[in-house]
2 protein chains.
Amino acid sequence: MHEKGKSYNEIQIKDTAQFTKTITETDVYLFAGISGDFNPLHVDEEYAKTTPFGTRIAHGGLAASLLAPVLGMKLPGLGTLALETTTKFRKPVYFGDTITCKVEVTEKLEKLKAVRLKVVWTNQKGEVVSKGDALVIPPG
Amino acid sequence: MHEKGKSYNEIQIKDTAQFTKTITETDVYLFAGISGDFNPLHVDEEYAKTTPFGTRIAHGGLAASLLAPVLGMKLPGLGTLALETTTKFRKPVYFGDTITCKVEVTEKLEKLKAVRLKVVWTNQKGEVVSKGDALVIPPG
């Protein structure tokens, strides 16, 4: 049996949850195959050397995907329906970077029985690599 | 050598591009490993049978990831800097569904030299599974 997520009534403004993962070369190459995005910035080191980044970087959507385990497995958790997510990309994610995705409840929308969360992705240096928000309906 | 993407001046309102891929069980299990999202809705068929979906479904972020090859490799193409993306999830994506991600330029922001695109993800039945928009800076 799986533990059900938090209901609308159980969730409070300022509740937080997070998930951390090191993004590896393997992740990037698998993500290229999954997404179809073989942009040389991600998979061609010689090309990447000629860009301002100086080396291959991870796909923006890869670091962004760390939001999924937070919403679906922690806050609200199992049974959550994601309505909308927005991601603003601020800094590159390099191979080997350890990314933390943290959410904080900012609003409860009584009519929709939905919850809005602020989302921030930081790297191991504490730099914000992306930020955004998510609108979700917690399990009933 | 890689072919450079379209510049701000080359891009016109109503320009479009798209990418299509069948989402497989393999994609879903690799995405679970990459994202850390082992929500049973994606990886536990017996649990998924008890939900309104009746079977395992793909992660929302997986279908969303098909936007990356469109922006980074087609329109604007190589050298594009993505500033922001928003995704509104409307319908589930089942294993075996063939998803098309299509973008259309809706706005050119002269000051930022950025371009806004409308994004629509449809399945093989023509149903909209997600929609959203993207703000990007084309290569200089």
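Throughout, read-outs are computed from the coordinates displayed, never taken from laboratory work. Predicted model, so just to flag it, every value in this text is computed and none were measured. Here the Cβ positions follow ideal geometry from the backbone for every residue, glycine too, while neighbour counts run over all protein chains shown.
Is at least one residue of the stretch A:75-86 assigned to a loop (DSSP other than H, G, I, E, B), buried (at least 24 other Cβ atoms within 10 Å of the Cβ), within 7 Å of another protein chain (Cβ to nearest Cβ) and not basic (Lys, Arg)?
no
Specify which of the listed residues (B:Lys102, B:Lys108, B:Lys131) is assigned to a strand (DSSP E or B), touching a residue at least 24 places away in the same chain (Cβ under 8 Å) and within 11 Å of chain A (Cβ to nearest Cβ). Please lay out each step first, then the result.
Values: B:Lys102 fails: within 11 Å of chain A (Cβ to nearest Cβ); B:Lys108 fails: within 11 Å of chain A (Cβ to nearest Cβ).
Result: B:Lys131 is the single residue among B:Lys102, B:Lys108, B:Lys131 that is assigned to a strand (DSSP E or B), touching a residue at least 24 places away in the same chain (Cβ under 8 Å) and within 11 Å of chain A (Cβ to nearest Cβ).
If you go through the stretch B:9-21 one residue at a time, do you hit one that is assigned to a loop (DSSP other than H, G, I, E, B), hydrophobic (A, V, I, L, M, F, W, C) and facing chain A (nearest Cβ under 9 Å)? Working first, answer last.
Of the residues in the stretch B:9-21, the ones assigned to a loop (DSSP other than H, G, I, E, B) are B:9-15.
With the extra rule that they be hydrophobic (A, V, I, L, M, F, W, C), the set shrinks to B:11, B:13.
Those still in the list that are facing chain A (nearest Cβ under 9 Å) too: none.
The answer is no, given that none of the residues of the stretch B:9-21 is assigned to a loop (DSSP other than H, G, I, E, B), hydrophobic (A, V, I, L, M, F, W, C) and facing chain A (nearest Cβ under 9 Å).
Would you check which residues across the stretch A:62-74 are more than 8 Å from chain B (Cβ to nearest Cβ) and either crowded, with 21+ Cβ neighbours inside 10 Å or in contact with a helix residue (DSSP H, G or I) (Cβ under 6 Å, 6 or more places away or on another chain) (or both) and list them?
Within the stretch A:62-74, the first condition is being more than 8 Å from chain B (Cβ to nearest Cβ), and the residues that meet it are A:63, A:70-71, A:74.
If the condition is that a residue be more than 8 Å from chain B (Cβ to nearest Cβ) and either crowded, with 21+ Cβ neighbours inside 10 Å or in contact with a helix residue (DSSP H, G or I) (Cβ under 6 Å, 6 or more places away or on another chain) (or both), then A:Ala63, A:Val70, A:Leu71 are the ones that fit.
Can you find a residue in the stretch B:50-64 that is among the aliphatic types (A, V, I, L, M), assigned to a helix (DSSP H, G or I) and in contact (Cβ under 8 Å) with a residue 40 or more places away in the chain? Please lay out each step first, then the result.
Filtering the stretch B:50-64 down to residues among the aliphatic types (A, V, I, L, M) leaves B:57-58, B:62-64.
Retained after the next criterion (residues that are assigned to a helix (DSSP H, G or I)): B:62-64.
Of the ones still in play, those that are also in contact (Cβ under 8 Å) with a residue 40 or more places away in the chain are B:63-64.
Scanning the stretch B:50-64, I find at least one residue that is among the aliphatic types (A, V, I, L, M), assigned to a helix (DSSP H, G or I) and in contact (Cβ under 8 Å) with a residue 40 or more places away in the chain, so the answer is yes.
Can you tell me which condition B:Val28 does not meet? The list is (1) over 13 Å from A:Ala68 (Cβ atoms); (2) within 11 Å of chain A (Cβ to nearest Cβ); (3) among the β-branched types (Val, Ile, Thr), and all the others hold.
For B:Val28, the failing item is (1).
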